[in-house]
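Colleague: I'd like to ask some things about the structure below.
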Amino acid sequence: MRAVEDDTSGDPADAPAVEIRDLVKRYGRTTAVDGLSLTCARREVTAILGPNGAGKTSTLEICEGFRRPDGGTVRVLGLEPHDRALRPRVGIMLQAGGVPPAARAGEWLRTVARFHSAPLDPGALLRLLGLTEHARTPYRRLSGGQQQRLSLAAAVIGRPELVFLDEPTAGLDPQARHACWDVITALRDAGVSVVLTTHQMDEAEKLSDRVVVIDHGRVVADGTPQSLTGAERQLRFRARPGLDLDELLAALPPGSAAKESPSGHYIIEGLVGPQLLATVTAWCATEGVAAEDLRIERRTLEDVFLELTGRELR
Amino acid sequence: MTTLGFTPDFAPRPGAAPLPRMVLAQAGAEVRATLRNGEQLLLTMIIPILLLVGFSVAPLVNVGSGARIDFVAPGILALAVMSTAFTGQAIATGFERRYGVLKRLGATPLSRAGLLLAKTCAVLAVEALQLVVICAVALALGWSPGGDPVWAVPLLLLGTAAFSGLGLLLAGTLRAEATLAAANLIYLVLLGLGGVVFPLSAFPPGVRSALDLLPISALTGGLRSVLSGGGVPGGPLLVLACWTAVTLGLAARTFRWE
């Protein structure tokens, strides 16, 4: 029996996939990342959500070693982000570009494969991502979605321990999006840590073990999708537009809220339980309203996101 | 799109390939890119061959006493080196920077030193191809090189290094479009002033001694000397060594990868 190491804090093998403390990044007078702290566990999918300009890409690019932080510390698999020892261990997918426009898809993927000691078969990866027919197509002639998929293929071909995916499904059609989700799920199942950014709430909700919402360069929420959407429930139904909700509100327990948004869609929030349901259906009966699609559900991640980050356009 | 119900084994097995394999893979990609690019082929093959044939067949310039082809062929060899190591490399690298290719490659196990080595290998491979074609055409036109062509090798290598430094200096500092314009302009100016096909003896002595310090003049003059029986090309090698040190040194300090 070997003695157990009593200090494992410095052991990179046990380090989290990503550990960020008080990260600051400025561009001139703009502070893109403003004291951000977060930890991404190994073998989990972490989704970083945030409006445009929230600091997602800056944070990711610092983790990828492309940019130097102005403050704070970042460790990737326990190492400094620009440590070259990380390069074979970390796969990355940029938001766009990175491939010579004239390079043929298959040839470029094979070139990247040859930088690694035990790469996946490029042909199998092209097949998985539906790119086999485009293997001889120059990158610039691929559609946006095909370029994205090629970029994803290159991120994983070296069998990395950790992948950073910057908006992996932006601009993909539904089929391609599902194929991409399948890859991400398969990566996680195989023990790969995944950190991705996205604008798509359904994607974050379906795929990720953990969601970090950032805004103005700071973390504003952090947890599992379930914990973020929380215990708060809503009762929703559809009916003819313009119902007078005042009478309903008077009948509901204090602290409840009722609104019509959008027109013809009604949302009742508060202590959603049997009592509230009975009150609402009774009110519907007196109003002569046949409520359609009546259902009780949790808030969606999108609701949470808009609550946290506001509704103004960025 | 069909997912075949087959998923590759994504279980992590990270590791960098041995450096030679990485460098060869990248160099191969760069050679393919050069040979498939129409503009690059025009620059590296077609223009030198046209100039070689045109200036050795037609009495366009006065080259002195010897055979016209014996004067033109070494100049065209120097031009070939300049077109690949300088113009082609500057333009290609400038656009690689613009398209984020250099940034993306930086995230692979291929180090920057490895990338530069791959670029050098690719340049040398394309040059070897150019030399074979140009020499074949020149010999067919009656070229009879003399002397000890072994000294041509250090001239060609040092010329390649000096022009690579100049090309990377442009590509690493200017925008891609500016690099494209500057690289073509400098190519034309050096083609005209560097003794490629117009003899430097046509210039006034004061101008000529300044022109002799250009890297292209050193390469054309040196090649002409060693390929017509001259001795060790000390002067040209020194000029090229200085250009190499200055341009590669500056490029190493100023090169921006993004």
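The values are calculated or read from the model by the stated rules, or taken from the named source; none is laboratory data. Keep in mind the model is a prediction, meaning the values are calculated, not measured. Every residue, glycine among them, receives a Cβ derived from its backbone with ideal geometry; neighbour counts consider all protein chains shown.
Colleague: Counting residues that are closer than 30 Å to residue A:119 by Cβ, which helices (runs of 4 or more DSSP H) fully inside region B:88-202 reach at least 2?
Modeller: Working: elements: B:89-98, B:101-106, B:112-140, B:152-173, B:176-193.
Hits in region B:88-202: B:89-98, B:101-106, B:112-140, B:152-173.
Colleague: While we're on this one: Could you check region A:224-261 and list, in sequence order, the residues that are surrounded by 16 or more Cβ atoms within 10 Å (Cβ to Cβ) and among the hydroxyl-bearing types (Ser, Thr, Tyr)?
Modeller: Correct list: A:229, A:256.
Colleague: Still on this structure, I have one more. How many residues does region B:167-191 contain that are under 20 Å from residue B:44 (Cα atoms) and of a type in the set (S, T, N, Q)?
Modeller: 2
Colleague: Okay, moving on. Condition check: outside any helix (DSSP H, G or I) and out of contact with any Cys (no Cβ under 9 Å at 6 or more places or on another chain). Does residue A:163 satisfy that?
Modeller: Here the answer is yes, as residue A:163 does meet what is asked.
Colleague: Going residue by residue through region A:105-127, is there one that turns out to be surrounded by 17 or more Cβ atoms within 10 Å (Cβ to Cβ), within 20 Å of the chain's Cα centre (by Cα), assigned by TED's automatic domain parsing to the domain that holds residue A:27 and under 16 Å from residue B:108 (Cβ atoms)?
Modeller: no
Colleague: State whether one or more residues within region B:211-228 are of a type in the set (Lys, Arg), under 18 Å from residue B:251 (Cα atoms), surrounded by 18 or more Cβ atoms within 10 Å (Cβ to Cβ) and modelled with pLDDT of 90 or more.
Modeller: Filtering region B:211-228 for residues of a type in the set (Lys, Arg) gives B:224.
Next, from what is left, pick out any that are under 18 Å from residue B:251 (Cα atoms): none.
There is no residue in region B:211-228 that is of a type in the set (Lys, Arg), under 18 Å from residue B:251 (Cα atoms), surrounded by 18 or more Cβ atoms within 10 Å (Cβ to Cβ) and modelled with pLDDT of 90 or more.
Colleague: Anything in region A:169-191 that is closer than 16 Å to residue A:151 by Cα, outside any loop (DSSP other than H, G, I, E, B) and among the small types (Gly, Ala, Ser)? List them, or say none.
Modeller: Once the filter is applied, which keeps residues that are closer than 16 Å to residue A:151 by Cα, outside any loop (DSSP other than H, G, I, E, B) and among the small types (Gly, Ala, Ser), region A:169-191 yields A:176, A:179.
Colleague: Among (1) outside any loop (DSSP other than H, G, I, E, B); (2) closer than 23 Å to residue B:95 by Cβ; (3) facing another protein chain (nearest Cβ under 10 Å); (4) in contact with a helix residue (DSSP H, G or I) (Cβ under 8 Å, 6 or more places away or on another chain), there is one condition residue A:98 misses while meeting the rest; what is its number?
Modeller: The one condition residue A:98 does not meet is (1).
Colleague: Take the residues in region B:18-29 that are within 7 Å of chain A (Cβ to nearest Cβ) and in contact with a Leu (Cβ under 9 Å, 6 or more places away or on another chain), then tell me which one is nearest to residue A:160 (Cα to Cα).
Modeller: Per the criteria, the residue is B:22.
Colleague: Hey, any hits in region A:47-62 for a residue that's part of a strand (DSSP E or B), among the aliphatic types (A, V, I, L, M) and out of contact with any His (no Cβ under 9 Å at 6 or more places or on another chain)?
Modeller: yes
Colleague: Restricting to region A:34-65, and then to whatever is in contact (Cβ under 8 Å) with a residue 24 or more places away in the chain and over 18 Å from the mean Cα position of the chain (by Cα), can you tell me which residue is surrounded by the fewest Cβ atoms within 10 Å (Cβ to Cβ)?
Modeller: That would be A:35.
Colleague: While we're looking at this one, here's another question. Being in contact with a helix residue (DSSP H, G or I) (Cβ under 6 Å, 6 or more places away or on another chain) and in a helix (DSSP H, G or I) is the filter here; which residues of region B:52-74 pass it?
Modeller: If the condition is that a residue be in contact with a helix residue (DSSP H, G or I) (Cβ under 6 Å, 6 or more places away or on another chain) and in a helix (DSSP H, G or I), then B:52, B:55, B:56, B:68, B:69, B:72, B:73, B:74 are the ones that fit.
Colleague: Only residues that are surrounded by 15 or more Cβ atoms within 10 Å (Cβ to Cβ) and either on the phi > 0 side of the Ramachandran plot or not hydroxyl-bearing (Ser, Thr, Tyr) (or both): list them for region A:268-286, please.
Modeller: Correct list: A:268, A:269, A:270, A:272, A:276, A:280, A:283, A:284.
Colleague: If you go through region A:163-175 one residue at a time, do you hit one that is without any contact (Cβ under 8 Å) to a residue 40 or more places away in the chain and over 23 Å from residue A:105 (Cβ atoms)?
Modeller: No: zero hits.
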